[in-house]
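I have placed the structure first, in the form of structure tokens, so that the comments after it can refer back to it.
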Number of protein chains: 2
Amino acid sequence: MIRTYAFARTLYCRSVTSSQIWKAPKGVWRVPCCPGLYQNVNCQLDSGKSFATEIPICKERDAHHTTLNMCPHGVQVRADENTRMLHVALEDGNVASFPYIWLRDSCLCSECHSPSSRSRSLLMAELNVDVKASAFQVDPTTGDIEVTWDDGHVSTYQLDWLKKHNFSAEARRCRLSDTYLKGGKKFWGAELNGNIPRFDFKEVISDNEQMYRFLDTIRVTGIAVVHNAPQDTGVVVTLGNAIAFIRPCNYGDTFQVYTRPDPKNAAYTAGALEMHTDLSYFDYMPGVQFLHCIKQSNMGGTNQFADGYYAAENIRKSNLAAFNLLAETVVDFHDMGHDQHVGDYLQQSRGTTIQLDGDGNYNHVRISNHGRCDFLNTDKEHAREWYKAYILLYHSFYAKENMVEYKMEPGEIICFDNVRVLHGRSAIFANFGGEGSLPERHLEGAYVDWDAWNSKLRSLREELGR
Amino acid sequence: MIRTYAFARTLYCRSVTSSQIWKAPKGVWRVPCCPGLYQNVNCQLDSGKSFATEIPICKERDAHHTTLNMCPHGVQVRADENTRMLHVALEDGNVASFPYIWLRDSCLCSECHSPSSRSRSLLMAELNVDVKASAFQVDPTTGDIEVTWDDGHVSTYQLDWLKKHNFSAEARRCRLSDTYLKGGKKFWGAELNGNIPRFDFKEVISDNEQMYRFLDTIRVTGIAVVHNAPQDTGVVVTLGNAIAFIRPCNYGDTFQVYTRPDPKNAAYTAGALEMHTDLSYFDYMPGVQFLHCIKQSNMGGTNQFADGYYAAENIRKSNLAAFNLLAETVVDFHDMGHDQHVGDYLQQSRGTTIQLDGDGNYNHVRISNHGRCDFLNTDKEHAREWYKAYILLYHSFYAKENMVEYKMEPGEIICFDNVRVLHGRSAIFANFGGEGSLPERHLEGAYVDWDAWNSKLRSLREELGR
């Protein structure tokens, strides 16, 4: 058994059984050991800081040895040929372990990684799954670790970079939540009536801070009003391009919502429009929807919104069987017609009403009563129970405690997470007027995908140091 | 026990136990029964055609009765209050059963369904999950079934429509395969060298038959060359718009592949490009990729292709453990940089290398060594096994029996299923020439999503009667 302690950048080791003490030179210390046999001990640095680490248990001094590297950061590194990993004992007492193959694959030298395209240039054909570290050393000033691989290649890993790439379950959870912007979603009900977050159009498109706040509000709350926008068509494209790029669909880059005499889509009628997610008949539903009010009807045409995740969460709590049916039964959607942009179309997609990720978080809801197919691909015995759950969910959208209503003013753009926030509208009391007259209510809509939205959000977060 | 037979549109029933015979009036026949007790019997129509059906077993004549409707089509309908379904005995002897709630939900009358937008206008708020059929009748000429619901609403269902909406497991399987164009995929290996399907550019964009064949070839085989295209930029947009619409990304609507001195993407180097799927760092990877050769290099720049599904299928057969690792381990991808179209971007997505649908069919492969993140979100103990499987897959792409090589001529557009067919290229021996000189090799690329592609394919299939 060995006790180690460090003083003035020198490591002292003391064998508990023999009481022998030895000293290693600065920079690199070699400690006798039997590979594979370790014991947790406390080390103390010259700074006075102590940390827990693993030290090999010795049977015979110098008979076997491994390399134990320490640096002023209090970082201790051990190469482990059994597990083919590099174990790095960090200042906080935790040991982070990194598989050799992953370290070799992730080498950031100019040969293996292209800095200008910020991507891996090491080819898979060159990667040997049995790669071993033949030597390594720790920079005593920075704590960076230089590994020489058995193919002769040398890789250097910065300590901070290694910490960021920790394989621990906790680190992985945090990294995923952070990278994929999963955290902090705020569910809402009727309390958002009169309290929908508001942003100024010019500020959003010209000021990074406002843009960041707007993007993150849609991510977290799923709905916001951008006001003071010009009352012209094309404004949604300006907003979309300020973020990234518009997501086109079979109706074009933008779509005009007004009452038409021969509507190809339920949105173009004057009728009430039941709450839904747009383009549920696309495998990839559009992420964020903009509806820009250019003209508003005097009567009717109030928009209705409900937080699909909140509704789903309430059902999860109150009726798990219904929730599971909605999360497991695949429902089909379609849209068929003709549009000037694409000619004839027959869009078709399917998915569960509630879609969860592997951790049980909400990925999206896919709900459109007018786009839902007339065939139902379930067992006939299963159908009625599914309808019960589906109707339960629908009723919850319209429950007084859940629904948010908002009648837009011209110059306002309501923006919402289309795969989370259901939207609908009350009937429009339309006056078509004489021939050639413009419709009373005119909204222009457009979409920006979550892929593009989150890319901008991540870039701004980095730029603004959030 | 009852025997039934029909003559001159009259149904005769004979009780086997009592030998009693009775006759029902034309159009609608009422047969005494005890609900819930049925027996298979053979019926014979006046046409001489016989069919198997279910007839209630009687205990006492007229004590209980149900309604048995027959028409010259040989269709027999029974309303079943126990299961809340309508049972329709078809000419082929099979019984198709339709839940009341689904029938009511799928009513195609002008009140419940909008013919111009071809979508449901019945609101969920109006749908009662306990709806019952209070009466029904079968049109003796057409076989159409008219149901009067207990809320007074009347729905008519055409017999052919009902057959198409059959809930049987077999019907559902066929319908899904047909609707989602799943069937008939042809996997390939090196035998496609010199045999990549070819289409003429002008024919594809002007002739529906050629367009249909082209679209379906990409669906089935996943790769084709469109030749005789103009050697100008913008041609990929012409092709994309002839199908539906271009899918933009952070590089714009189209992207220019030529060797640049300061490449932002690995494709813009002169180096060999390992086979990959494009934009693996988007949740929704682009569906079909076009690469249009405008100028070709004299040396190098040959494209390489491999069928990802074929490679995966071979691993499924030879090494199921490796296959499962590739189908279950989620891998992260990213792309970070600056582009004139979107400014700074930080795209990020994740998915399994092989993605299957619920039936074990291939949905996509997601593979990009240069876009793969340097963090790996697996247990450290699990990492090396995953790398083994991943390297195995990579090697199989390059195996002589699997890889297809093709060096494009100017005016050719290679088109391939980006979520199935891996593409790469050999190194380009680029001559940058003097300052301001054009690069030797210039490809223009663009994407069309599967959502849009399949929409066009379905429309043309309908138009061409396929």
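Listing for the model above:
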read-out: Segments classed as helices (runs of 4 or more DSSP H), wholly inside segment B:186-265, with at least 2 members that are surrounded by fewer than 18 Cβ atoms within 10 Å (Cβ to Cβ) and touching a residue at least 12 places away in the same chain (Cβ under 8 Å); value: B:208-220, B:235-243
read-out: Subset tally (residues that are part of a strand (DSSP E or B) and modelled with pLDDT of 80 or more) for segment A:59-102; value: 15
read-out: Per-region count, segment B:124-165, residues surrounded by fewer than 17 Cβ atoms within 10 Å (Cβ to Cβ), facing chain A (nearest Cβ under 9 Å) and modelled with pLDDT under 90; value: 1
read-out: Given (1) open to solvent by less than 50 Å² (accessible area, probe 1.4 Å); (2) farther than 14 Å from A:TYR390 by Cα, number of the condition A:ASP344 does not satisfy; value: (1)
read-out: Selection within segment B:357-380 - more than 7 Å from every other protein chain (Cβ to nearest Cβ), open to solvent by less than 60 Å² (accessible area, probe 1.4 Å) and in contact (Cβ under 8 Å) with a residue 40 or more places away in the chain; value: B:TYR362, B:HIS364, B:VAL365, B:ARG366, B:ILE367, B:SER368, B:CYS373, B:THR378
read-out: Qualifying residue in segment A:411-431 (condition: open to solvent by less than 60 Å² (accessible area, probe 1.4 Å), at pLDDT 95 or above and either over 25 Å from A:ARG219 (Cβ atoms) or not assigned by TED's automatic domain parsing to the domain that holds A:VAL331 (or both)); value: no
read-out: Test: B:VAL88 is in the same structural domain as B:PHE167 (by TED's automatic domain parsing), under 20 Å from A:LEU376 (Cα atoms) and open to solvent by 30 Å² or more (accessible area, probe 1.4 Å); value: no
read-out: Which listed residue, of B:ASP216, B:ASP178, is of a type in the set (Asp, Glu) and within 13 Å of chain A (Cβ to nearest Cβ); value: B:ASP178
read-out: Search result, residues across segment A:114-123 that are at the interface with chain B (Cβ under 9 Å from one of its Cβ atoms) and either assigned to a loop (DSSP other than H, G, I, E, B) or open to solvent by 40 Å² or more (accessible area, probe 1.4 Å) (or both); value: A:SER116, A:SER117, A:ARG118, A:SER121, A:LEU122, A:LEU123
read-out: Candidate set from segment B:399-410 (those that are crowded, with 18+ Cβ neighbours inside 10 Å and not in a strand (DSSP E or B)); member that is farthest from the other protein chains (Cβ to nearest Cβ); value: B:MET408
read-out: Unique match (being within 11 Å of chain B (Cβ to nearest Cβ), free of Cβ contacts under 8 Å to residues at least 24 places away in the same chain, more than 30 Å from B:ALA452 (Cβ to Cβ) and buried (at least 17 other Cβ atoms within 10 Å of the Cβ)) among A:ALA383, A:ALA389; value: A:ALA383
read-out: Residues of segment B:166-181 classified as part of a helix (DSSP H, G or I), surrounded by 14 or more Cβ atoms within 10 Å (Cβ to Cβ) and among the hydrophobic types (A, V, I, L, M, F, W, C), total; value: 2
read-out: Subset of segment B:341-356 that is at pLDDT 90 or above and in a loop (DSSP other than H, G, I, E, B) - its residue that is nearest to the other protein chains (Cβ to nearest Cβ); value: B:VAL342
read-out: Every residue from segment A:290-317 that is farther than 22 Å from A:LEU393 by Cα, assigned to a strand (DSSP E or B) and not β-branched (Val, Ile, Thr); value: A:PHE290, A:LEU291, A:HIS292, A:CYS293, A:LYS295, A:GLY300
read-out: In segment A:250-302, the residues that are at pLDDT 90 or above and more than 33 Å from the chain's Cα centre (by Cα); value: A:ILE294, A:LYS295
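A quick yes/no check of all residues on (1) acidic (Asp, Glu); (2) open to solvent by 10 Å² or more (accessible area, probe 1.4 Å); (3) away from chain A (no Cβ under 14 Å):
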{"site": "B:GLU274", "(1), (2), (3)": "yes, yes, no"}
{"site": "B:PHE282", "(1), (2), (3)": "no, no, no"}
{"site": "B:ILE294", "(1), (2), (3)": "no, yes, yes"}
{"site": "B:GLY301", "(1), (2), (3)": "no, no, yes"}
{"site": "B:ALA306", "(1), (2), (3)": "no, no, no"}
{"site": "B:ALA312", "(1), (2), (3)": "no, no, yes"}
{"site": "B:LYS317", "(1), (2), (3)": "no, yes, yes"}
{"site": "B:ALA327", "(1), (2), (3)": "no, yes, no"}
{"site": "B:VAL331", "(1), (2), (3)": "no, no, no"}
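The values are calculated or read from the model by the stated rules, or taken from the named source; none is laboratory data. A quick note: this is a predicted structure, and the numbers were derived from the prediction, not measured. Note that each Cβ is placed from the backbone with ideal geometry, even for glycine, and that neighbours are counted across all protein chains shown. We work out accessible area using only protein heavy atoms, side chains counted, and drop any ligands, DNA or RNA first. Shrake-Rupley method; radii C 1.70, N 1.55, O 1.52, S 1.80 Å.
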